[in-house]
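A short worksheet on the structure shown next.
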Amino acid sequence: MFNIRVYGILINENQQVLVSDEHRNGMAFTKFPGGGLEFGEGFAASLEREFMEELQIEVEVGELLYFNDFNQVSAFNPKQQLFSFYYFVHFNDWHSIETDKHKIPLTEDGEKHRWMHLSEISAASFNFPIDKIVAEKIKKSL
């Protein structure tokens, strides 16, 4: 079974990228904002929906940064193979995004967002293999 995921890379004018700290299924992790493609959706529509659900903002989906072309088994379901697509997204009023100081890792179910300076981003900042690759791609592009 395949699981298609779509994530957004939002970078503000202070050279910070938005990340999502989450706790689900007894597991804490840091990832890029986004989620699963729903039946009948295109990639851009899925990403727009995810940002609206998670952050209550309307993003403009930009250029495709990366997608994995290798077998990646889901950390949550070993019977699912993930295909993850990462797009740059744009949102001019980034000051309005609700972020707060929170303890990392999260210990209760849910998600919180924070800005991470691009100079601090690394594979070690993220928990999942594909996110780690994307973090390094972002780092190299600086």
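The values are calculated or read from the model by the stated rules, or taken from the named source; none is laboratory data. No experiment lies behind these values; they were computed from the predicted model shown. Cβ placement follows ideal geometry from the backbone for every residue including glycine, while neighbour counts extend to all protein chains displayed.
Quick look at the numbers
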quantity: Filter result (among the basic types (Lys, Arg) and under 24 Å from Gln81 (Cα atoms)) within segment 114-142; calculated: Lys132, Lys137
quantity: Selected residue [surrounded by 13 or more Cβ atoms within 10 Å (Cβ to Cβ), among the hydrophobic types (A, V, I, L, M, F, W, C), within 12 Å of the chain's Cα centre (by Cα) and at pLDDT 95 or above] from Phe83, Phe67, Phe128, Phe91; calculated: Phe128
quantity: Residues that are closer than 26 Å to Glu58 by Cα, of a type outside the set (A, V, I, L, M, F, W, C) and surrounded by 10 or more Cβ atoms within 10 Å (Cβ to Cβ), drawn from segment 94-106; calculated: Ser96, Thr99, His102
quantity: Residue list for segment 131-142, filter: crowded, with 17+ Cβ neighbours inside 10 Å and either closer than 22 Å to Glu53 by Cα or not β-branched (Val, Ile, Thr) (or both); calculated: Asp131, Ala135
quantity: Close pairs (7 angstrom Cβ cut-off, 6 or more residues apart or separate chains): more than 13 Å from His90 (Cβ to Cβ) and of a type in the set (Gly, Ala, Ser) in segment 1-29, part of a loop (DSSP other than H, G, I, E, B) and modelled with pLDDT of 95 or more anywhere; calculated: Ser20/Phe32; Ser20/Pro33
